[in-house]
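Only one structure is covered here, and it is reproduced in the block below.
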Amino acid sequence: MVALTVVAAVVLWRTGRVSLWFARNQFTKTEAVAPTDRPWPPPGTPAGVEPENGWAGPRPDARGLRTRGEFFLRTNVWQVHLTFTEEQWAAVQATGIRPGINFNPVEGKFPLRSEHAPRNGLAGVMGLGQPWSSARVSVGGMDMGLVSVRLKGNGTFLNSFGAFKKPFKLDLGRGNEGRKVAGNVVLNLNNLVSDFSSMSDAMGYRFYREAGVPSPRTAYARVLLGIGDRFKRRPLGLYVMVENLDADWVAETFAGRDAALFKPVTYELFRDLGTNWAAYEGIYDPKTRLKEAHKTRLMEAARWVTSASDEEFAARAGEYLDLVEVARFVAVTSLISSYDGFLYNGQNFMMYLDGPTGRFGFVPWDLDQAWGEFPLVGTVKGREQASIDRPWVADHRLLERLFAMDAFRRMYRAELEGLFGRLFVPARLHAEVQELAALIRPVVAEESDYRLGRFDLAVSETWEEGEPEPRIDDPFRPVHRIHRFIDRRHASVRAQLDGRERGAVFEKRRDIGKQEP
């Protein structure tokens, strides 16, 4: 009997049924979902009557727009309607696949990808697939007809597992080549479930772009959902739309030069995996069509970074890495204490190869936990006072080698000091928070009283001292205060630049959530 039970458990595990059951039970607790979903239709609505769309805010029209730059203005709030049949809605839900979970990760390094999953990331590792379905879609007044839709993301996907407000990816060109909205084939609808301020992405990407780092643009969306006869035009609330990083973005960003784009998922960036491209492809996840020269250059860089002596590395690093661009990228990432990515977990960033120079650089991605919010690294105080001289968590072989170079440290410090004085100015950042808050608050208010209350706390300019440490898996966690972070991070960086403060160093992954400066 015991043997049969074990065999049955293994079979269920490998088919993904256990992971799907776990997700449904872990991420769909009633108390975690009910406060974030306003009842629909509103109480008192007669049976069979569709509530009026009482939205009094702007309804920008996408018709006539030709470029991404026109569409992705930080203060645009687009109206997006998704209408599913019951069958289409069922088809877009997560499926169970064989998981790749390691229950005893080495040095706190949770696995980033599973050979059984079609996409990298936590969801696939946990054994959850995100299949394509379709829905009728309208964007900015443009009826796009039937569009391919799937769920997207990892943490935001899991934390909205039992809610209607899910993160969506819309592929207008899938099955209909040439269909676009203002030059966009793919639209990313991020549901902001982890960001109560709803502006971490918008402010973060703007900061990188103003610093001169290649970055996507953003706009907001007010999303409405219909499902068969269940309901129509149900307001889901506020989403942020992040520009898709693809061949069109590369062509515009690099002015038509030969360039390749990757989305790495590895704790060991540029580790030598041999001379067979198949060993690299899944890890570096190309987002553009690669030439053989691109593949060869990445493998060459991996061999060199892995095997070069310290003297060789210092002498030739500039042949493989655009050192100024890398220094600028790391400086911005450090200034805004963005730890859900390059500095910590080996994912949530992009990497480009500039073909003419053969040099690599980096692009930010997934900034909903930037501005010191990511609770899996250190404490609130620790992230506010994070070290600018050793900004990464635990081990980061590439940054360790770069920061061992006197020339790179000087380059990085010059970039950081310049950006600190020019861009990390509390008055301008506080004004940006206030501007965005006035813009998006009506959409947040439409979503639920719970989200509005969280939002008002997140953007409040007053707060109480001694609030408990937040947990990323707790929807009722203390709200991250963006104004507080701006002031305290500015004070800490100033003190570190002046030599009056060392800054918090996160030396061990196993101590996450416990470090203090």
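The values are calculated or read from the model by the stated rules, or taken from the named source; none is laboratory data. Given the structure is predicted, the values throughout are model-derived calculations rather than measurements. Glycine gets a Cβ as well: all are built from the backbone with ideal geometry, and neighbour counts include every protein chain shown.
For segment 61-91, the tally of residues that are part of a strand (DSSP E or B) and more than 21 Å from the chain's Cα centre (by Cα) stands at 5.
Among the residues of segment 96-112, is there at least one that is assigned to a loop (DSSP other than H, G, I, E, B), under 22 Å from ASP368 (Cβ atoms) and either of a type in the set (A, V, I, L, M, F, W, C) or in contact with a Leu (Cβ under 8 Å, 6 or more places away or on another chain) (or both)? Scanning segment 96-112 turns up at least one residue that is assigned to a loop (DSSP other than H, G, I, E, B), under 22 Å from ASP368 (Cβ atoms) and either of a type in the set (A, V, I, L, M, F, W, C) or in contact with a Leu (Cβ under 8 Å, 6 or more places away or on another chain) (or both).
Scoring THR379 on the criteria (1) in contact with a helix residue (DSSP H, G or I) (Cβ under 9 Å, 6 or more places away or on another chain); (2) within 22 Å of GLU501 (Cβ to Cβ) leaves a single failure, condition (1). The single residue among THR296, THR275, THR333, THR306 that is surrounded by fewer than 16 Cβ atoms within 10 Å (Cβ to Cβ), touching a residue at least 24 places away in the same chain (Cβ under 8 Å), of a type outside the set (D, E, K, R) and assigned to a helix (DSSP H, G or I) turns out to be THR306. Just one of (1) out of contact with any strand residue (DSSP E or B) (no Cβ under 8 Å at 6 or more places or on another chain); (2) assigned to a helix (DSSP H, G or I); (3) touching a residue at least 40 places away in the same chain (Cβ under 8 Å) fails for ALA301. It is (1). If you go through segment 194-218 and keep only what is in contact with a Lys or Arg (Cβ under 7 Å, 6 or more places away or on another chain) and either under 21 Å from TYR450 (Cα atoms) or hydrophobic (A, V, I, L, M, F, W, C) (or both), you end up with PHE196, ALA202, ALA211, VAL213.
Go through segment 282-293 and report how many residues are in a helix (DSSP H, G or I) and closer than 24 Å to GLY256 by Cα. Here the count works out to 3.
Got at least one residue in segment 162-172 being touching a helix residue (DSSP H, G or I) at 6+ places or on another chain (Cβ under 8 Å), in a strand (DSSP E or B), of a type outside the set (S, T, N, Q) and within 16 Å of THR95 (Cβ to Cβ)? Scanning segment 162-172 turns up no residue that is touching a helix residue (DSSP H, G or I) at 6+ places or on another chain (Cβ under 8 Å), in a strand (DSSP E or B), of a type outside the set (S, T, N, Q) and within 16 Å of THR95 (Cβ to Cβ). Please enumerate the residues belonging to segment 121-138 that are assigned to a strand (DSSP E or B) and at pLDDT below 95. Of everything in segment 121-138, those that are assigned to a strand (DSSP E or B) and at pLDDT below 95 turn out to be LEU128, GLY129.
The residues of segment 69-98 that are modelled with pLDDT of 95 or more and of a type in the set (D, E, K, R), listed by number, are GLU70, GLU86, GLU87. Scanning segment 139-160 for residues that are more than 17 Å from the chain's Cα centre (by Cα), buried (at least 19 other Cβ atoms within 10 Å of the Cβ) and outside any strand (DSSP E or B) gives a single hit, GLY140.
Residues of segment 179-214 that are more than 17 Å from the chain's Cα centre (by Cα), surrounded by fewer than 19 Cβ atoms within 10 Å (Cβ to Cβ) and in a helix (DSSP H, G or I): GLU210 alone.
Check whether at least one residue in segment 14-23 is of a type in the set (Val, Ile, Thr), more than 21 Å from TYR239 (Cβ to Cβ) and at pLDDT below 90, and report yes or no. Checked segment 14-23: at least one residue is of a type in the set (Val, Ile, Thr), more than 21 Å from TYR239 (Cβ to Cβ) and at pLDDT below 90. Inclusion of ALA386 among residues that are surrounded by fewer than 24 Cβ atoms within 10 Å (Cβ to Cβ), farther than 27 Å from ILE283 by Cα and of a type in the set (Gly, Ala, Ser) is not warranted.
Taking the conditions exactly as written (of a type in the set (Asp, Glu), assigned to a loop (DSSP other than H, G, I, E, B) and either in contact with a Lys or Arg (Cβ under 6 Å, 6 or more places away or on another chain) or modelled with pLDDT under 90 (or both)), does GLU50 satisfy them or not?
Yes, satisfied.
In the set ARG217, ARG222, ARG230, only one residue is touching a helix residue (DSSP H, G or I) at 6+ places or on another chain (Cβ under 8 Å) and modelled with pLDDT under 95; that residue is ARG230.
Considering (1) in contact with a Phe, Trp or Tyr (Cβ under 6 Å, 6 or more places away or on another chain); (2) among the charged types (D, E, K, R); (3) within 29 Å of GLY361 (Cα to Cα), the lone condition that ARG454 does not fulfil carries the number (3).
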